[in-house]
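Here is the structure we will look at, set down as C-alpha cells.
The values are calculated or read from the model by the stated rules, or taken from the named source; none is laboratory data. This structure is a prediction, so every number in the text was calculated from the model and none was measured. Here the Cβ positions follow ideal geometry from the backbone for every residue, glycine too, while neighbour counts run over all protein chains shown.
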Amino acid sequence: TAALAAVEALNPRLNAYITVTGDQALAQAAQADAAIAAGEAGPMAGVPVGIKDLFCTKGVRTTAASNILRDFVPPYESTVTANLRRDGAVFLGKTNLDEFAMGSGNLTSAFGPVENPWKRAGSDAALVPGGSSGGSAAAVAAGLGFGATGTDTGGSIRQPASYCGITGIKPTYGRCSRFGTIAFASSLDQAGPMARTVADCAVMLGSMAGFDAQDSTSVDRPVPDYLAACGRSLKGLRIGIPREYHAPGMPAEIEAIWQQGIAWLRDAGCEIVDVSLPHTKYGLATYYIIAPAECSSNLARYDGVRFGARVAGGTLDELYENTRRAGFGDETRRRIMMGTYVLSAGYYDAYYLKAQKVRSLIQRDFTDVFADVDVLLTPTAPSAAFAQDEKPSDPVQMYLNDIFTVPASMAGVPAMSVPAGVDAQGLPLGLQLIGRFFDEETLFAVGSALE
Ligand code: GLN
C-alpha cells in the first residue's frame, strides 16, 4: 500500500509508469502475506517491483512504449515475470521506456518522457533518467518500487542506473530467458534487475534467471546464490583497467570517480592491472549496424495484421504502410531504415557481414583480457544525466552515450553499474564492472565493496 501511495503521489510528475496495476499488486501482496504466514515464502515474497513495459504480462497491457502496441494485451506471460511471480513479487505496474527500447534518454516513448527524480544543484530543469529502462530507473530511485526489471541491448540497464544513482546488472547473454520479452536485437537483448543496492539486485536476479526451453539461446547452467557472493573477500582479485576507456573529452569528474574506485579496490586487497581492449573503438559503429539490422527484422511483425494497431488501407500494402506510419515514432523508423539498408543486397557484405566480423574481434578482446584479470572497472557512461531539453539534435551524438556499455553487450559478458559518487552539480555517476561469462558472482562481490 505504501508503494502504491508513492506511485500515486509521484508518478504524475515522473511518468515512470505507463500502466499502474494497483488491484493486481494488492492481490499479490495478500498472497505473499499468506505464503509468509504458511512459512512458504519465496525470495521475492511481498517485494513491490515495477516491470519494464517490454515484458509481456498476461492480461495486462504491454506497449513497448509504442503506439503500434498501445492497446496490446498479451495472452501469455514472459518467463522472467513468471519467475518473479513464482517467488512472490508484487507487480506495481509497467514502467516507461524508449520506444521498443531504442534510446538513451527515455525521450522516444509514445507515452511521453520520464523525469529523473534527481535535479542539478540550484536548477529546476527536468533531467532525463537515461534509457531505455528510464521508467524502471526513475521508479526505483524515487521509491516507486524496491526494484524493477530492465532490459539491456547496448546499455539500457547500466546507463539509466548510472543516471539515477541506483544499481543495475546486465547478466551474461543467455542467463535470463528472452521468452515473452518484446524483441529489439535478439542477439544482444538481455533482461536484468535494477534496484537500490547490489544485494537487492542479487536477490532479484536469482529469481529472474534460469534455463528456459522456450528460448533457444537460454543457457542450461545452475543459478548460483548471488546474495552469498555479496560481501565476499576481494583479496587477490585482479582488476583490469582498460586504457581505451579514457575517452577523449570525458569530464574530469568521471575520471576522478574512476580513480577513486581503483583506490577503493586496491585498499580491499585487489591487484590493479592496466589492460588493453584494442577493438573498443569499433564498438559503437558495429553496434549501430547490428542492432538496427536485427531490429528491422524483429519489427517486421508489426504489420497491422498479426499484432496491435491497424490502420485500414485500400490494398494490403497500403494497410501495412498506413499502420506502420501511424504506429512507429521517428527513432524507430530511423533504426528500421538503417537496418533494412545494411541488410539489403549489395550492402550486406560491406556493412552487416563486416560488422559481425568486427564483433568477433571485440569478443576476442574480452576472452584475451579475462585470461589475465577477473573483472574490468570502467565508468558506466561518459556523462551525468542531461536535461530533457538538451537532447542533441544529431542522433549520432545520442548514440555516443553508449560508448562504454556497448562492448560488453557485443561480447555477451555480464556487466553491472554501481553508484560511485556525484559530480559538481550533485548528480550521480556510476562505475561499470565487466566480468567473465557466467561469472556474475564476482561482479556482486566487487560491486558490494564499491557501493
Ligand atoms: N541506447 C542504446 C540504443 O539506443 C541501447 C538501448 C538498449 O540497450 N536497449 O540502442
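Scanning region 254-288 for residues that are β-branched (Val, Ile, Thr), in contact with a helix residue (DSSP H, G or I) (Cβ under 8 Å, 6 or more places away or on another chain) and closer than 21 Å to GLY155 by Cβ yields a count of 3. Of everything listed in (1) surrounded by fewer than 16 Cβ atoms within 10 Å (Cβ to Cβ); (2) more than 19 Å from PHE100 (Cα to Cα), the single unmet condition for ARG301 is (2). For region 338-352, a residue qualifies if it is surrounded by fewer than 17 Cβ atoms within 10 Å (Cβ to Cβ) and touching a residue at least 24 places away in the same chain (Cβ under 8 Å), and exactly one does: THR340. Of the residues in region 205-216, not one is buried (at least 18 other Cβ atoms within 10 Å of the Cβ) and within 12 Å of the ligand (Cβ to nearest atom). On the stretch given as region 247-278, residues that are part of a loop (DSSP other than H, G, I, E, B) and loosely packed, with under 13 Cβ neighbours inside 10 Å total 3.
Taking the criterion of being acidic (Asp, Glu) and within 16 Å of the ligand (Cβ to nearest atom), the only residue of region 112-152 that qualifies is ASP152.
Region 353-445 holds helices (runs of 4 or more DSSP H) entirely within its bounds, and those carrying 1 or more residues that are surrounded by fewer than 18 Cβ atoms within 10 Å (Cβ to Cβ) map to 354-369, 395-399.
Checking each residue in region 175-199 for being more than 16 Å from the ligand (Cβ to nearest atom) and surrounded by fewer than 21 Cβ atoms within 10 Å (Cβ to Cβ) picks out PHE179, ARG196, THR197, ALA199. For region 279-288, a tally of residues being of a type outside the set (Gly, Ala, Ser), more than 12 Å from the ligand (Cβ to nearest atom) and either on the phi > 0 side of the Ramachandran plot or part of a helix (DSSP H, G or I) (or both) returns 4.
A count restricted to region 195-242 and to residues that are under 16 Å from ILE272 (Cα atoms) and in contact with a strand residue (DSSP E or B) (Cβ under 6 Å, 6 or more places away or on another chain) stands at 5. Counting only residues that are under 17 Å from CYS295 (Cα atoms) and of a type in the set (Gly, Ala, Ser), region 314-342 holds 3 of them. Within region 386-413, residues that are among the aromatic types (Phe, Trp, Tyr) sit with their Cβ atoms under 6 Å from residues that are within 11 Å of the ligand (Cβ to nearest atom), at 6+ positions apart or across chains, in these pairs: TYR399/TYR288. Looking only at residues of region 94-152 that are of a type in the set (Ser, Thr, Tyr) and within 21 Å of ALA25 (Cβ to Cβ), we find that the one that is surrounded by the fewest Cβ atoms within 10 Å (Cβ to Cβ) is THR149. Considering every residue within region 41-55, establish whether at least one is farther than 26 Å from ALA5 by Cα and crowded, with 24+ Cβ neighbours inside 10 Å. No; the residues of region 41-55 include none that is farther than 26 Å from ALA5 by Cα and crowded, with 24+ Cβ neighbours inside 10 Å.
If you check ARG324, ARG310, ARG306 for being in a loop (DSSP other than H, G, I, E, B), basic (Lys, Arg), crowded, with 16+ Cβ neighbours inside 10 Å and more than 16 Å from the ligand (Cβ to nearest atom), only one passes: ARG310. Determine, yes or no, whether GLY155 is within 16 Å of the ligand (Cβ to nearest atom), modelled with pLDDT of 95 or more and not in a loop (DSSP other than H, G, I, E, B). No, not satisfied.
Going residue by residue through region 76-97, is there one that turns out to be of a type in the set (A, V, I, L, M, F, W, C), closer than 27 Å to LYS391 by Cα and within 16 Å of the ligand (Cβ to nearest atom)? Yes, region 76-97 contains a residue that is of a type in the set (A, V, I, L, M, F, W, C), closer than 27 Å to LYS391 by Cα and within 16 Å of the ligand (Cβ to nearest atom). Do the conditions hold for PHE328, that is, is it out of contact with any Ser or Thr (no Cβ under 8 Å at 6 or more places or on another chain) and on the phi < 0 side of the Ramachandran plot? Judged against the criteria, PHE328 is not a match.
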